[in-house]
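The next block holds one structure in the form of structure tokens; read it before the comments.
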Amino acid sequence: MKDQLYQYLLMLGDNAMILGHRLSELCGHGPSLETDIALTNISLDLFGQVRNYFQYAAEVKGETNDEVTEDSIAFMRYPHEYRNTLLVEQPNKDFAFIITRQFFFDAYHLPLLEALMQSKDEQIAAIAHKSIKEVKYHLRFSSEWVKRLGDGTAESHNRMQTAVDYLYPYIGELVQETPIEKEMKEQGIGADLSLVRSKYYEKVKTVLQEATLSTPQFFGFHDGGKKGVHSEHHSHILSTLQYMQRTYPNMEW
Amino acid sequence: MSTKNWPLWEVFVRSKSGLEHRHVGSLHAADAKMAMENARDVYTRRQEGVSIWVVPSSAITASNPAHSGELFEPAQDKAYRHPTFYDLPNELKHI
């Protein structure tokens with residue numbers, strides 16, 4: 001039971017950490033000063049949430065293993081031990097990809113946190129309560145840009161449609177229930193993903209329509225991330241992310 | 001990529017303790033809505049404000065620096081325009 005809670009916290013934290021890292025890659029490289037700061041603000045918000053989840057995860061794990069800290073969870077795990085979804089590890093191909101990936105995550109993140117605010121686990125409920133204001137703004141920012149670019153020029157529309165077509169097959173994994181999530185739901189700790197799913201798909205549909213973008217028709221989603229089976233992009237992220245801790249173990253600065 | 005810049009906007013922020021909006025800087029944005037979001041991200045990320053105004057920079061008429069002589073210097077030797085020559089009763093506050 002404790003281990004399942006630990007794994008569940010990793011799922012919550014890893015999504016925020018890997019997406020936060022992707023956004024941090026844009027620091028100094030955003031398309032304009034204003035969007036650069038906006039995206040790195042979002043990155044910092046996500047890392048703040050990661051710290052909350054991992055500090056709690058370290059506490060849960062600490063009962064049996066006192067070597068575990070928030071840093072060791074973040075930096076010292078192997079790729080298959082990360083439980084983030086495949087969506088958030090997709091690369092920053094262009095601004096349309098960055099915005100679409102962000103929107104697909106934010107539109108899921110908000111109903112997820114709304115559900116987690118009702119969690120029987122007080123820590124999780126408190127983290128959700130604290131994070132939800134940030135995430136409301138993230139969603140406002142990304143959905144605004146989806147509409148602006150989708151319903152913008154022919155060039156921006158085409159780039160957005162390309163990004164939507166590419167990333168859409170990854171959204172199903174976010175709301176696909178794994179055994180751990182099922183167990184957590186039944187104990188009243190985790191979110192009921194079937195409820196999150198209906199809100200999520202509704203939001204995606206509405207915003208894509210407003211943005212004059214078409215929803216791809218396809219069968220089946222990419223999945224595996226939540227079980228630790230990642231795309232080729234994941235190891236590249238980890239090698240950057242873990243480099244300092246692996247090279248200089250226990251370094252502090 | 002287009003090399004055309006978005007129009008410039010001036011940003012005014014009212015701080016928690018302040019009554020008036022103060023000019024804090026400028027930014028680029030395609031329209032007022034984007035200017036507002038950008039202002040939030042660029043100028044209020046350290047809890048600076050509780051209210052934001054954005055104004056197109058083109059809507060501002062500025063005084064000409066070349067005219068500062070006739071505009072501002074005549075006030076320099078008229079110290080009597082400052083109400084500093086009165087003794088204020090101690091009961092008076094906030095003056």
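The values are calculated or read from the model by the stated rules, or taken from the named source; none is laboratory data. Predicted model only: the values in this text are computed from it and were never measured. Cβ: placed from backbone, ideal geometry, glycine included. Neighbour counts: every protein chain shown. Side chains included, ligands, DNA and RNA excluded: accessible areas come from the protein's heavy atoms. Shrake-Rupley method; radii C 1.70, N 1.55, O 1.52, S 1.80 Å.
Taking A:Lys130, is it among the basic types (Lys, Arg) and more than 18 Å from A:Gln209 (Cβ to Cβ)? Answer is yes for this residue.
For the range A:44-64, filtered to residues that are buried (at least 20 other Cβ atoms within 10 Å of the Cβ) and either of a type in the set (Ser, Thr, Tyr) or farther than 21 Å from A:Ser131 by Cβ (or both), the residue that is farthest from the other protein chains (Cβ to nearest Cβ) is A:Lys61.
Annotation: of all residues in the range A:113-136 being free of Cβ contacts under 8 Å to residues at least 12 places away in the same chain and in contact with a helix residue (DSSP H, G or I) (Cβ under 9 Å, 6 or more places away or on another chain), the one that is nearest to the other protein chains (Cβ to nearest Cβ) is A:Ala126. Between A:Ala115, A:Ala154, A:Ala125, A:Ala163, the distinction of being within 20 Å of A:Met1 (Cα to Cα) and small (Gly, Ala, Ser) belongs to A:Ala125 only.
Note on the range A:147-253: enclosed helices (runs of 4 or more DSSP H) holding 3 or more residues that are more than 29 Å from A:Leu116 (Cα to Cα) and more than 21 Å from the chain's Cα centre (by Cα) are A:154-167, A:232-247.
Per the listing B:Gly25, B:Gly49, the residue uniquely in a loop (DSSP other than H, G, I, E, B) and at pLDDT 80 or above is B:Gly49.
Can you tell me which residue in the range B:65-85 is nearest to the other protein chains (Cβ to nearest Cβ), limited to those that are open to solvent by 70 Å² or more (accessible area, probe 1.4 Å) and outside any helix (DSSP H, G or I)? Per the criteria, the residue is B:Gln76. Per the listing A:Tyr200, A:Tyr170, A:Tyr166, A:Tyr108, the residue uniquely among the aromatic types (Phe, Trp, Tyr), open to solvent by 40 Å² or more (accessible area, probe 1.4 Å) and in contact (Cβ under 8 Å) with a residue 40 or more places away in the chain is A:Tyr166. For the range A:14-38, the set of residues classified as without any contact (Cβ under 8 Å) to a residue 12 or more places away in the chain and of a type outside the set (Val, Ile, Thr) consists of A:Gly28, A:His29, A:Gly30, A:Ser32, A:Leu33, A:Glu34, A:Asp36, listed by residue number.
If you go through the range B:27-41 and keep only what is within 11 Å of another protein chain (Cβ to nearest Cβ) and open to solvent by 30 Å² or more (accessible area, probe 1.4 Å), you end up with B:His28, B:Ala30, B:Asp31, B:Lys33, B:Met36, B:Arg40.
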